[in-house]
Amino acid sequence: MAKVKVLDFWAQWCGPCRAMGPAIESLMEEHNREGSDIEISKIDVDTNPELTEKYSIRSIPTLIFLKDGEEFDRKSGVQSKEKIVSKINEALSV
């Protein structure tokens, strides 16, 4: 089974990031457990400049979807929980 990771690049001072926060936190509660094929991570761009640069983040919020360690897709701007789940399911199905 494929492993899907979602990287949420955000910052404390970012209003749109805070707006999307509850959806990300809900997904983290649902999926971040032992044996899950899905892992959600929040990455603060101010405290993780190396990852921010590695993924060439130019605007936040940005979600990067990784499938088996390779970038599958990315979305910038506020995304609904439903859109995030849809993209995760798409990654799992291909």
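The values are calculated or read from the model by the stated rules, or taken from the named source; none is laboratory data. The structure displayed is predicted, hence computed values, not measured ones. Neighbour counts run over all protein chains shown; Cβ positions are idealised from the backbone, glycine included.
In segment 32-54, the residue that is surrounded by the most Cβ atoms within 10 Å (Cβ to Cβ) out of those that are in contact (Cβ under 8 Å) with a residue 12 or more places away in the chain and of a type outside the set (A, V, I, L, M, F, W, C) is Thr52.
Number of residues in segment 71-94 that are touching a Lys or Arg at 6+ places or on another chain (Cβ under 9 Å), outside any helix (DSSP H, G or I) and of a type in the set (Val, Ile, Thr) equals 1.
Scanning segment 61-70 for residues that are in contact with an Asp or Glu (Cβ under 7 Å, 6 or more places away or on another chain) and either of a type in the set (Gly, Ala, Ser) or in a helix (DSSP H, G or I) (or both) yields nothing. Within segment 9-57, the set of residues being among the hydroxyl-bearing types (Ser, Thr, Tyr) and either over 22 Å from Ser86 (Cβ atoms) or outside any strand (DSSP E or B) (or both) comprises Ser26, Ser36, Thr47, Thr52, Tyr55, Ser56.
Within segment 60-70, can one find any residue that is under 12 Å from the mean Cα position of the chain (by Cα) and farther than 27 Å from Ser93 by Cβ? So far as segment 60-70 goes, yes, one or more of its residues are under 12 Å from the mean Cα position of the chain (by Cα) and farther than 27 Å from Ser93 by Cβ. Do we find a residue being more than 24 Å from Gln12 (Cβ to Cβ) and in contact with a strand residue (DSSP E or B) (Cβ under 7 Å, 6 or more places away or on another chain) anywhere in segment 40-48? For segment 40-48, residues more than 24 Å from Gln12 (Cβ to Cβ) and in contact with a strand residue (DSSP E or B) (Cβ under 7 Å, 6 or more places away or on another chain): absent.
When the residues of segment 79-93 are filtered to those that are polar (S, T, N, Q) and loosely packed, with under 13 Cβ neighbours inside 10 Å, which remaining residue is modelled with the lowest pLDDT? This residue is Ser93. For segment 55-78, taking the residues that are of a type in the set (D, E, K, R) and without any contact (Cβ under 8 Å) to a residue 24 or more places away in the chain, the one that is surrounded by the fewest Cβ atoms within 10 Å (Cβ to Cβ) is identified as Glu70.
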